[in-house]
Amino acid sequence: MANPANRSGESVGRIELICGPMFSGKSTALIRKLSAAADGGATVIACKPARDTRYATDRIVTHDGAGITACEITGADDLLGRARDADVVGIDEFHFFDMPVVDACIAMADEGKRAICAGVDLDHRGEMFDVMEAVSKKADDVERLTATCAACGAVATFTQRLVESDDRIVVGGAGDYEPRCESCFDRGSAKGSR
Ligand SMILES: [Zn+2]
């Protein structure tokens, strides 16, 4: 668990995680939390990986087009530098990052910051992304969102990849992926083992 460094009650550091399949509203939930914190007077910063080229380059956008201004970061050092003066730090598409970014979140929480991470928990094979597993173990609060299965309408916790690729991460949106329930999720349909 993140250890609150500041026990004065003014600013207690913590790590919050929002996870689930694609199209489960993670970015919307992140934007809502960041907006609420900003409305409350906190200095808020939103970050996303520089490799996420969907829709816009300097904004976190949801699939329905809503968004807030975000800076693109390349990794842990970049994150810590950008977040220096912030009270609340939102990080979208967390599954795209490497393990040092988890350490950066722990460091920020220890400094009294609130780090809010959002990302896809399960990859196209239905296996947890390493970085998501690591941050979930350190999170003070985990919000698991679900989507609606595109095949049958049941609760979806998996993301089906519709395009063939050998890469574990393929940046895409509607048309490349769709949410599926456990029954409709096909682990073997995506080509490649990693
Ligand atoms: Zn289904």
**Message:** Give me the residue from the stretch 51-69 that is loosely packed, with under 13 Cβ neighbours inside 10 Å and acidic (D, E) and, out of that set, modelled with the lowest pLDDT.
**Reply:** D64
**Message:** Being of a type in the set (G, A, S) and not in a helix (DSSP H, G or I) is true for just one of A134, A118, A109, A104. Which residue is that?
**Reply:** A118
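Out of curiosity, is T157 surrounded by 21 or more Cβ atoms within 10 Å (Cβ to Cβ), within 13 Å of the ligand (Cβ to nearest atom) and either more than 28 Å from G40 (Cβ to Cβ) or among the acidic types (D, E) (or both)?
When the stated conditions are applied, T157 passes them.
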**Request:** Can you confirm whether the stretch 166-183 contains a residue that is polar (S, T, N, Q), within 16 Å of the ligand (Cβ to nearest atom) and either surrounded by 16 or more Cβ atoms within 10 Å (Cβ to Cβ) or at pLDDT below 95 (or both)?
**Result:** no
**Asked** If the Cβ limit is 9 Å and pairs must be 6+ apart or interchain, which residue in the stretch 89-106 that is touching a residue at least 60 places away in the same chain (Cβ under 8 Å) and buried (at least 24 other Cβ atoms within 10 Å of the Cβ) pairs with which residue that is among the acidic types (D, E) and in a helix (DSSP H, G or I)?
**Response** none
**Asked** Out of all the residues in the stretch 70-88, which are over 20 Å from A37 (Cα atoms), at pLDDT 95 or above and surrounded by 19 or more Cβ atoms within 10 Å (Cβ to Cβ)?
**Response** none
**Request:** Tell me, please, whether a residue that is at pLDDT 95 or above, under 23 Å from T148 (Cβ atoms) and aliphatic (A, V, I, L, M) can be found in the stretch 12-22.
**Result:** yes
**Fill in**
In the stretch 12-50, anything of a type in the set (V, I, T), assigned to a helix (DSSP H, G or I) and buried (at least 20 other Cβ atoms within 10 Å of the Cβ) is listed as I31
**Message:** Being under 18 Å from the mean Cα position of the chain (by Cα) and of a type in the set (S, T, Y) is the filter here; which residues of the stretch 148-162 pass it?
**Reply:** T157, T159
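Mind telling me which of the residues D123, D141 ends up being charged (D, E, K, R), away from the ligand (no atom under 16 Å from the Cβ) and either closer than 16 Å to I15 by Cα or at pLDDT 95 or above (or both)?
Exactly one residue qualifies, and that residue is D141.
The values are calculated or read from the model by the stated rules, or taken from the named source; none is laboratory data. Bear in mind that the values here come from a model prediction, so they are computed numbers and not experimental data. Backbone-built Cβ (ideal geometry, glycine too); neighbour counts: all protein chains shown.
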